[in-house]
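The values are calculated or read from the model by the stated rules, or taken from the named source; none is laboratory data. Predicted model, so just to flag it, every value in this text is computed and none were measured. Every residue, glycine among them, receives a Cβ derived from its backbone with ideal geometry; neighbour counts consider all protein chains shown.
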Amino acid sequence: SNEILLQFDRLKWSDQLAHNLSQGQRHFLCLIAVLAMKPDVIILDEPYAGLDLPTSLQLRHELNKLSQQIVMITHNKDILVDFDRILWIDNGKIIKDGSYENVMPDFEEEMQRRANVSY
């Protein structure tokens, strides 16, 4: 609906065919369509992939306003700080489950070990 497009300042897309939009724009349009359905749980797989910085920031702001439960699959650790609970999954197994502060230090240490670097 035009209301949700207006909420995301994308009303100009209402008269365009989706295939005329860029890949990032189509990706964002799909996310807007999901949010318009107001589901109880939102599952997002790499929702920021292909989005430019302003659009990513806008999406992050809108997701933070939602009351629904959000399950997000991501490799972008910088956005995880917004979440109440982080599951570190490796090869299908839960390695650690907890808050950002609880999970990320061990995760970062392990990733540095795997990359053979230290900071």
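Restricting the first member to the range 16-29 and to residues that are touching a residue at least 40 places away in the same chain (Cβ under 8 Å), and the second to residues that are part of a loop (DSSP other than H, G, I, E, B) and charged (D, E, K, R), no beta-carbon pair is closer than 6 Å while six or more apart or on different chains. Checked against the criterion of being at pLDDT 85 or above and at positive phi, the candidates K12, K77, K38 yield just one match: K38. Scanning for something touching a residue at least 24 places away in the same chain (Cβ under 8 Å) and in contact with a His (Cβ under 6 Å, 6 or more places away or on another chain), does the range 47-57 turn up at least one residue? Checked the range 47-57: at least one residue is touching a residue at least 24 places away in the same chain (Cβ under 8 Å) and in contact with a His (Cβ under 6 Å, 6 or more places away or on another chain).
Residue-wise test of (1) β-branched (V, I, T); (2) assigned to a helix (DSSP H, G or I); (3) out of contact with any strand residue (DSSP E or B) (no Cβ under 7 Å at 6 or more places or on another chain).
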{"site": "I4", "(1), (2), (3)": "yes, yes, yes"}
{"site": "R26", "(1), (2), (3)": "no, yes, yes"}
{"site": "V34", "(1), (2), (3)": "yes, yes, no"}
{"site": "P47", "(1), (2), (3)": "no, no, no"}
{"site": "Q58", "(1), (2), (3)": "no, yes, yes"}
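Quick check, is L44 within 16 Å of I4 (Cα to Cα) and of a type in the set (A, V, I, L, M)? Against the criterion (within 16 Å of I4 (Cα to Cα) and of a type in the set (A, V, I, L, M)), L44 does not qualify. Checking each residue in the range 92-101 for being under 22 Å from R60 (Cβ atoms) and outside any loop (DSSP other than H, G, I, E, B) picks out G98, Y100, E101.
Do we find a residue being touching a helix residue (DSSP H, G or I) at 6+ places or on another chain (Cβ under 7 Å), in a loop (DSSP other than H, G, I, E, B) and not assigned by TED's automatic domain parsing to the domain that holds L35 anywhere in the range 111-118? Looking for residues that are touching a helix residue (DSSP H, G or I) at 6+ places or on another chain (Cβ under 7 Å), in a loop (DSSP other than H, G, I, E, B) and not assigned by TED's automatic domain parsing to the domain that holds L35, one finds at least one in the range 111-118, hence yes. When each of I43, I89 is tested for being assigned to a strand (DSSP E or B), surrounded by fewer than 13 Cβ atoms within 10 Å (Cβ to Cβ) and not assigned by TED's automatic domain parsing to the domain that holds L17, the lone residue that passes is I89.
Just name the residue that is farthest from Q68 (Cα to Cα) out of those in the range 16-29 that are loosely packed, with under 13 Cβ neighbours inside 10 Å and at pLDDT below 85. Of everything passing the filter in the range 16-29, S22 is farthest from Q68 (Cα to Cα).
Conditions tested, residue by residue: (1) without any contact (Cβ under 8 Å) to a residue 12 or more places away in the chain; (2) exposed (fewer than 15 other Cβ atoms within 10 Å of the Cβ); (3) part of a loop (DSSP other than H, G, I, E, B); (4) among the aromatic types (F, W, Y).
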{"site": "S14", "(1), (2), (3), (4)": "no, yes, no, no"}
{"site": "L31", "(1), (2), (3), (4)": "no, no, no, no"}
{"site": "S67", "(1), (2), (3), (4)": "yes, yes, yes, no"}
{"site": "L80", "(1), (2), (3), (4)": "no, no, no, no"}
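Please work out if S56 is surrounded by 13 or more Cβ atoms within 10 Å (Cβ to Cβ), under 30 Å from E3 (Cα atoms) and among the polar types (S, T, N, Q). In short, yes.
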